[in-house]
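Right, one structure below, let's go through it.
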Amino acid sequence: MWAKIDVPCVGGPVDGRSLIVPVDDDGWPPTTIDQSWLWIEYGSELLNADVDGVYELEPIAGGGPPWVYVWATAKPSSAPGR
């Protein structure tokens with residue numbers, strides 16, 4: 001059984017909700033949560049949501065815990081021809 005914690009989200013498609021995420025051996029949650037994770041957890045709830053970005057883990061005070069996931073929109077591609 002994996003250890004899990006609730007981490008609140010600020011901004012983005014699940015603003016105001018908490019994500020239940022696994023923690024590593026040191027007790028840290030993932031540093032980012034991307035759209036593939038969101039689709040697995042929330043599926044059709046996100047059909048009309050902008051999921052072009054990631055949630056980035058940030059400590060609320062000091063080095064954490066507690067933490068919060070803050071939404072960061074994806075940067076436009078700088079690939080040639082775009």
For the chain, what does -39500 (n - 2.57) per DSSP helix run (n ≥ 4), summed and divided by total residues, give at 222 nm, in deg cm²/dmol to the nearest 500?
-> -2500 deg cm²/dmol
Place a label point 7 angstrom from the Cα of V68 along the Cα-to-Cβ direction, then list the residues of segment 1-25 whose backbone nitrogen is under 14 Å away.
-> 7-12, 15-19
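For the chain, give me the percentage of DSSP beta bridges that are antiparallel, rounded to the nearest 5 percent.
Working: 14 of 16 bridges.
Antiparallel: roughly 90 percent of the beta bridges in the chain.
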The chain, Gaussian network, Cα under 10 Å: of I40, I20, I60, the residue fluctuating most is I40
So, how do all the Cα-to-Cα distances of the chain break down into 5 Å bins, in percent, from 0 on up?
-> 3, 14, 24, 23, 16, 11, 6, 3, 1, 0
The simple spin-label model distance between V10 and W39, using points 7 Å out along Cα→Cβ, in nm, is 2.8
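Read-outs: derived from the displayed coordinates by stated rules, not from any lab. Not measured: the values here are computed from a predicted model. When we count neighbours, we look across all protein chains shown, and the Cβ atoms used for this are built from the backbone with ideal geometry, even at glycine.
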